[in-house]
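Visitor: Can you keep this structure in mind? I'll have questions shortly.
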Amino acid sequence: MSVEPRAARDLGAHRHLVVSERLRERRRDLGLTQKEVVSRLRRIGVDTTNKALSSLEHGAGLDVAKLPELAAALECTLTYLLGLTDDPGSWQPDPGHWPQPGRSGPGRDGRHVPTVRQPRAVTPVRPPRILGPVNPDWPGSGA
């Protein structure tokens, strides 16, 4: 049995909280009731209830498999639901919303952003040198 590192748990808990808050905020910004969102979800193939949506908005029962459909029903991007941008139409994360490797502390919105590990450097792969006779008739051979 493996133990999940604390930073990963903190980041997961933070994102879970942000998603539940964003679901509720976005629904209210659009002036929709929970019943209307449930109706939209049903039209795109997600069978749910007002009670289930209420639970999602209060941080319980979040199913990441339904995030794309929730974003579609709320006319926003996954990037927005995850709290990586303040623009509901943007797929690109805002600077400062992405956790900084090796740093922990308040994010741009004042909430705690957990530490994440610095990714390992990737060694670039060089294309292989082609050895052999040069064909002077081959375009671009330079011979």
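Every number in this text was worked out from the coordinates using simple rules, so none of it is lab data. Just so it is clear, the structure is predicted and the values come from calculations on it, not from any experiment. Virtual Cβ from ideal backbone geometry, glycine too; neighbours counted across all protein chains shown.
Visitor: Going by C-beta contacts inside 10 Å, put 51, 66 in order with the fewest on the left.
Guide: Values: 51 11, 66 16.
By the 10 Å Cβ count, ascending, the order reads 51, 66.
Visitor: Suppose R0 equals 25 Å. What FRET efficiency, 1/(1 + (r/R0)^6) with r the Cβ-Cβ distance, do residue 90 and residue 64 give to the nearest 0.05? Walk me through the numbers on the way to the answer.
Guide: Numbers: r = 20 Å, r/R0 = 0.80.
Using R0 = 25 Å, I get an efficiency of 0.80.
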